[in-house]
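Novice: Quick one: this structure, given as structure tokens, is what I'll be asking you about.
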Amino acid sequence: MKIIEREDLQKKYLPGRMIQKAVGKDAYSQSGKMTMGFALYSEQSGPMDPHHHAEEIVHILNTKDGWVRFGELPSKLDQTIPLKPGMTLHFPALEWHVFEFKPGGYIDIIYIYGQTDNIRPEEILREEK
């Protein structure tokens, strides 16, 4: 068994979020079957663009004035859910969504994928060819 402390994980800053990969490909603990990590959405990372990817579980660790919008298309995210600590969200594969927050707010999550490959749409399309 490997014990993983969040404070030991490398921080990677991406547009709209800071991620820390705990388990998976190129993660602190290598796995070829699953992906798990942490993400922090805050003013430090700036706003996030709507995105979609493989089926995903998100558990809200903490939030202040945060919400998620989701829907059929990046231009049509017509459903909004205010977030609170302890919520778990299950996103179907390729569902468009975006995490947002008021000024001074943030969203801190755990994310889980049941795979290590073909997580992003461009990887999925490559695999289907």
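The values are calculated or read from the model by the stated rules, or taken from the named source; none is laboratory data. Only a predicted model underlies this, so the values are computations on that prediction, with no experimental measurement involved. Note that each Cβ is placed from the backbone with ideal geometry, even for glycine, and that neighbours are counted across all protein chains shown. For accessibility, only protein heavy atoms count, side chains too; no ligands or nucleic acids. Shrake-Rupley method; radii C 1.70, N 1.55, O 1.52, S 1.80 Å.
Novice: So which of 55, 100 is acidic (Asp, Glu), touching a Phe, Trp or Tyr at 6+ places or on another chain (Cβ under 8 Å), without any contact (Cβ under 8 Å) to a residue 60 or more places away in the chain and open to solvent by 60 Å² or more (accessible area, probe 1.4 Å)?
Specialist: 55
Table: residues versus (1) at pLDDT 95 or above; (2) open to solvent by less than 50 Å² (accessible area, probe 1.4 Å).
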| position | (1), (2) |
| --- | --- |
| 66 | yes, yes |
| 69 | yes, no |
| 80 | yes, no |
| 85 | yes, no |
| 114 | no, no |
| 127 | no, no |
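Novice: Give the residues of the range 33-87 that are assigned to a strand (DSSP E or B) and aliphatic (A, V, I, L, M), sorted by residue number.
Specialist: Selection gives 36, 39, 40, 57, 58, 60, 61, 68, 73, 81.
Novice: Checking the condition in contact with a strand residue (DSSP E or B) (Cβ under 7 Å, 6 or more places away or on another chain) and either open to solvent by 60 Å² or more (accessible area, probe 1.4 Å) or within 11 Å of residue 109 (Cα to Cα) (or both), which residue from 20, 30 passes?
Specialist: One residue alone meets the criteria, 20.
Novice: Tell me which residues, restricted to the range 1-16, are open to solvent by less than 100 Å² (accessible area, probe 1.4 Å) and either modelled with pLDDT of 95 or more or touching a Cys at 6+ places or on another chain (Cβ under 6 Å) (or both).
Specialist: 4, 5, 6, 8, 9
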